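K.L.:
Below you'll find the structure I mean.
The values are calculated or read from the model by the stated rules, or taken from the named source; none is laboratory data. Please read all numbers here as calculations on a predicted model, not as lab measurements. A quick note on method: Cβ atoms are made from the backbone with ideal geometry, for glycine too, and the neighbour counts reach across all protein chains shown.
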Amino acid sequence: MSAPTISNSRTITVTINGTTYEREVEARKLLIHFIRDDVDLTGSHIGCDTGNCGACSVIVDGTLVKSCMLLAVQADGSTIETVEGLADGEELSKLQQAFSARHALQCGYCTPGMLMSATALLRENPTPSEDEIKKGLQGNICRCTGYWNIFEAVKEASGQ
């Protein structure tokens, strides 16, 4: 008698930036690897694989998450927003424009996560105080900018 076969993969369906994808994925595949490798959206970055840096932040069903801390199969049926979905065609979002105008990036590695965290913050609180901006971005590490220009860009995007 042979042992039962255990499937190590599963078919999932997700909608990312308005496009629906159906793929078979290994049960252990992280959402960030699914987004980057299976769907070829490489704007979100892999920084630490421990949830500390925030470079992989995306919005899943309206909630900001670190995609290195979520399995792709856990996102089955979800709507996901990545940094690629912020612009309207060639027109950058108000937040992206503010990041550019305020020089809120240097190497750019943390920028996708910062943009997604700031997007989630501004949706929840369109006119955050400086302390609320700092709290909203605290899960993101930047090694280049010193953060000040990032805070200023978020304030500018909020109309302050």
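K.L.:
Restricting to region 23-60, count the residues that are assigned to a helix (DSSP H, G or I) and either surrounded by 23 or more Cβ atoms within 10 Å (Cβ to Cβ) or in contact (Cβ under 8 Å) with a residue 12 or more places away in the chain (or both). Walk me through how you get there before you give the answer.
P.N.:
First, pick out the residues of region 23-60 that are assigned to a helix (DSSP H, G or I): 31-38.
Of the ones still in play, those that are also either surrounded by 23 or more Cβ atoms within 10 Å (Cβ to Cβ) or in contact (Cβ under 8 Å) with a residue 12 or more places away in the chain (or both) are 31-35, 38.
The number of residues fulfilling the criteria is 6.
K.L.:
Here is a further query. When you scan region 32-86, how many residues do you find that are of a type outside the set (Val, Ile, Thr), closer than 18 Å to Thr15 by Cβ and in contact with a Cys (Cβ under 6 Å, 6 or more places away or on another chain)?
P.N.:
2
K.L.:
Tell me which of these Arg143 doesn't satisfy, since it passes every other one: (1) surrounded by 14 or more Cβ atoms within 10 Å (Cβ to Cβ); (2) at pLDDT below 95.
P.N.:
(1)
K.L.:
If you don't mind, there's one more thing I want to ask. Are any of the residues in region 61-81 among the charged types (D, E, K, R), in contact (Cβ under 8 Å) with a residue 12 or more places away in the chain, on the phi > 0 side of the Ramachandran plot and not in a helix (DSSP H, G or I)?
P.N.:
The initial filter retains those residues of region 61-81 that are among the charged types (D, E, K, R), namely 61, 66, 76, 81.
Checking which are in contact (Cβ under 8 Å) with a residue 12 or more places away in the chain leaves us with 61, 66, 76, 81.
From what's left, on the phi > 0 side of the Ramachandran plot: 61.
Checking the rest, the ones that are also not in a helix (DSSP H, G or I) come to 61.
Scanning region 61-81 turns up at least one residue that is among the charged types (D, E, K, R), in contact (Cβ under 8 Å) with a residue 12 or more places away in the chain, on the phi > 0 side of the Ramachandran plot and not in a helix (DSSP H, G or I).
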